[in-house]
Amino acid sequence: MADPFQDVDAAGAEFIRLFADSMDQRQSDPKMEKIVADYLARLTFEPSGLTIEVGAGAGAVTRRIAAFAHPTKVVGYEPSQGFVKEAQQRVTGLENLSFEAADGAALPLEDESVDNVVMHTVLSHVVAPSALINEGFRVLKPGGKLVICDVDFSKAALGSFPNDPLDICAKAFVSEFVTDAHIVAKLGPLTSAAGFSVEHFDITSRVITSKEQMLPWVTEATRLMAERGEIGKDLAEALVGEHDRRLRAGQLYGYQAIATYIASK
Ligand SMILES: C[S@@+](CC[C@H](N)C(=O)[O-])C[C@H]1O[C@@H](n2cnc3c(N)ncnc32)[C@H](O)[C@@H]1O
């Protein structure tokens, strides 16, 4: 199956609702709040400036950017009409924030018109990341910043022992819901080919032990395996039950490596 984040509207209303909530929940994790706050603190926001998020989804990160950067204008560009609708419904009291439908490879913006471009967990879901990075370079003013924050999905795990079946679910989720699990390793060559200079590159480890943040990794991976007839419904339910049991028992151990990469034009 192709990564559904490549064409979210085709994945349907249920997918949009599930992942709009899941991305809101992910961003409300204090670790994720700190990652976003740290990269925003490295940027400059002029009152009359423009900062954009490319691939804004339902706006979980865009709302944080707009609250931090106020009164700078912030626009979230997102190719999915369903996510744009969700994003617009989830905003309250941020008059400097708006959302528009647009592909990150063809932004409706003049050359050199933007101060900061943010791509937050987007490039791991696109087939041609260089097209988005080149477009970011085109719209940025000289000296403008590109922030890429992405999960190094090649390192993601949900295992507490060798051959842990929940870890197999996590690996299956990555192979079904991520386009390039190794994108973080490629950011240096991709951004320098576009003309950027790297300013900052760091990885933060995030453990998920007490929240349901990795539950969709198990429910979605097992649902697909069951739909294809690879496993039966009983095993799919048992694996979800095992996730819930570990969560209740304090035995859950999810791991993600989150990269923050900042480059200058
Ligand atoms: C995992 S979501 C992240 C959403 C949001 N940045 C967040 O962190 O809450 C990945 C997003 O990338 C978007 N996306 C996929 N292909 C894209 C493209 N070519 N241009 C811009 N965004 C794209 C998807 O529609 C989806 O909203």
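The values are calculated or read from the model by the stated rules, or taken from the named source; none is laboratory data. Every value quoted in this text rests on a predicted model; they were computed, and no experiment measured them. Glycine gets a Cβ as well: all are built from the backbone with ideal geometry, and neighbour counts include every protein chain shown. These accessible areas exclude ligands, DNA and RNA; they are computed on the full protein's heavy atoms, side chains included. Shrake-Rupley method; radii C 1.70, N 1.55, O 1.52, S 1.80 Å.
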Taking every DSSP bridge whose two residues both lie in the stretch 4-264, the antiparallel percent to the nearest 5 is 50
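If packing is taken as the mean number of other Cβ atoms within 10 Å per residue, what is the order of 59-72, 39-52, highest first? Write out the running numbers ahead of the final one.
Details: 59-72: 22.1, 39-52: 16.7.
The densest-packed peptide leads the list: 59-72, 39-52.
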Once amide H atoms are placed 1.01 Å from N in the peptide plane, what residues at a sequence separation of 5 or more from His120, or on another chain, have their amide H within under 5 Å of its amide H? Val54, Cys149
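May I ask for the net charge around Glu242, where only other residues with Cβ less than 13 Å from the Cβ of Glu242 are counted and Lys, Arg are +1 while Asp, Glu are -1?
Around Glu242, the charge tally is -2.
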Accessible area in the full protein assembly, largest first, 1.4 Å probe, for Arg206, Arg248: Arg248, Arg206
Counting each DSSP H run of 4 or more residues in the chain as -39500 (n - 2.57), what helix-only mean residue ellipticity at 222 nm follows after dividing by all residues, to the nearest 500 deg cm²/dmol? -14000 deg cm²/dmol
Over all directions, how big on average is the projection of the convex hull of the alpha-carbon atoms in the stretch 165-207, in square nanometres? 4.2
What would the Debye equation give as log₁₀ I(q)/I(0) for the stretch 211-265 at q = 0.20, 0.27, 0.31 Å⁻¹, counting only Cα atoms as equal point scatterers? -0.75, -1.04, -1.17
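First measure r as the distance between the Cβ atoms of Glu14 and Ala193, then evaluate 1/(1 + (r/R0)^6) with R0 = 30 Å and state the FRET efficiency to the nearest 0.05. Walk me through the numbers on the way to the answer.
Details: r = 38 Å, r/R0 = 1.28.
Once the sixth-power term is evaluated, E becomes 0.20.
What do you get when you divide the Cα radius of gyration of the chain by 2.2 N^0.38 Å, with N the number of residues?
On the way: Rg = 18.5 Å, N = 265, 2.2 N^0.38 = 18.3 Å.
Taking N as the residue count of the chain, the ratio is 1.01.
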If I fit a long axis through the Cα atoms of helix 183-194 and take the longest principal axis of the Cα atoms of the chain, what angle between them do I get, 0 to 90°, rounded to 10? 20
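For Ser160 and Ser48, calculate 0.36 nm times their separation in residues minus their Cα-Cα distance, and state this gained length in nm to one decimal. Write out the running numbers ahead of the final one.
Values: separation 112, 0.36 × 112 = 40.32 nm, distance 4.99 nm.
The span from Ser160 to Ser48 would gain 35.3 nm if fully extended.
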What's the ranking of 117-123, 208-214 by average number of surrounding C-beta atoms within 10 Å, highest first? 117-123, 208-214
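Could you calculate the FRET efficiency of Ser210 with Ser113 from 1/(1 + (r/R0)^6), where r is the beta carbon distance between them and R0 is 35 Å, rounded to 0.05? Please list the in-between numbers first.
Working: r = 43 Å, r/R0 = 1.23.
Result of the calculation: an efficiency of 0.20.
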Give me the number: length gained by fully extending Ala131 to Phe68, i.e. 0.36 nm times residue separation minus the C-alpha to C-alpha distance, one decimal in nm. 19.9 nm
Linear extension gain, Asp38 paired with Gln89, 0.36 nm per residue minus alpha-carbon span: 15.7 nm
Tell me, what HN-Hα J-couplings in whole Hz come from the Karplus equation 6.51 cos²θ - 1.76 cosθ + 1.60 at θ = phi - 60° for each residue of the stretch 239-248, using x for Gly and Pro? 5, 5, x, 5, 4, 5, 4, 5, 4, 5
In terms of modelled amide H atoms, which long-range or inter-chain residues lie less than 5 Å from the amide H of Gly144? Lys265
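Can you give the FRET efficiency to the nearest 0.05 for Ser175 and Ala106, using r as the Cβ-Cβ distance and R₀ = 22 Å? Before the final figure, lay out each step's value.
Numbers: r = 29 Å, r/R0 = 1.30.
So the FRET efficiency works out to roughly 0.15.
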Rounded to the nearest 10, the angle in degrees between the Cα long axis of helix 60-69 and the longest principal axis of the Cα atoms of the chain comes to 30
